[in-house]
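Accompanying notes for the structure given below.
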Amino acid sequence: QIDGCAMGSPLAPPLANLFMGINETKWLEEYHRTGPIFYKRYVDDIFAIFENELQSNSFFDYLNNRHPNITFTKKNNENGQLPFLDILISNSSTFSTTIYRKTTYTGLLLNFKSFTPFQYKTRLIQTLLDRTYKICSSWVIFDKETRILSKNLLRNMYPKRLLEKCIKKYLDKRF
């Protein structure tokens, strides 16, 4: 290893975040054309909104010429939708967000019958519900995603009664 961090090293994510944080500040200050209207980064994933495609391409080319070991890839919205991390952002008629699942997603989760403490299983349900609540931009979408989540958990042998109890408990706690 001549440069960078070893794959799988626990130091890799914080160092990548630190490296990008220091450099992006400098790169954004040095960029003298019209920049993004909105810019957010999570480790090495960037979400940016531009006035038009020309500004987007110009900024993309600029970033790709900042460091020899960094190559950015770009994804434009298709049919008013853009996946970013595990969020599907839609901007067709109205702006909305929902859970994004890759085409390879199988729904495989911790099986309820596995030899794992019960608390891990209930916390998994709570975590997935909280993720769904925080990502979904409306109650209609939250309800739809909760049904998908329940279906996936049922396929992983979770009792329906336990799911209903956890969902009720989560909503009661929230409201």
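The values are calculated or read from the model by the stated rules, or taken from the named source; none is laboratory data. All values reported here derive from a predicted model rather than from experimental measurement. Note that each Cβ is placed from the backbone with ideal geometry, even for glycine, and that neighbours are counted across all protein chains shown. These area figures cover heavy atoms from the full protein model, side chains too; ligands, DNA and RNA do not enter into them. Shrake-Rupley method; radii C 1.70, N 1.55, O 1.52, S 1.80 Å.
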Long-range HN-HN contacts of residue 87 with modeled amide H, under 5 Å: 100
Proximal charge balance of residue 70 [Cβ under 11 Å; K/R count +1, D/E count -1]: -1
Exposure of residue 170 as accessible area (Å², to 10), given a probe of 1.4 Å and all protein chains: 30
Residue-level accessible surface for residue 9, protein heavy atoms, 1.4 Å, Å²: 30
On Cα atoms only, tilt of 12-30 relative to the major axis of the chain in degrees: 40
Net charge of Cβ neighbours under 14 Å - reference residue 99; Lys, Arg +1; Asp, Glu -1: +3
Probe 1.4 Å, protein heavy atoms only - accessible area per residue of region 14-165 in square angstrom: 69
The chain - charge dipole about Cα centre, Lys and Arg +1 at Cβ, Asp and Glu -1, debye rounded to 20: 1400
Sites matching trypsin sites (Lys or Arg not before Pro) across region 1-68 that sit in DSSP coil, with at most 13 neighbouring C-beta atoms within 10 Å: 33
Degrees between helix 53-64 axis and first principal axis of the chain (Cα, 0 to 90, nearest 10): 80
Farthest positive-ward along region 89-168 dipole, Cα basis, beta-carbon charges - from 132, 94, 153: 153
Projected label distance in nm at residue 73 and residue 137, using a 7 Å step from Cα toward the beta-carbon: 2.5
Share of carbon and sulfur in the accessible heavy-atom surface of the chain [1.4 Å probe, %]: 57
Nearest-ten-degree value, helix 139-155 long axis tilted from longest Cα axis of the chain: 60
Selected from 84, 37, 119, residue furthest toward positive end of dipole (region 31-126; charges at beta carbon): 119
Area accessible to solvent at residue 37, 1.4 Å probe radius, in Å²: 110
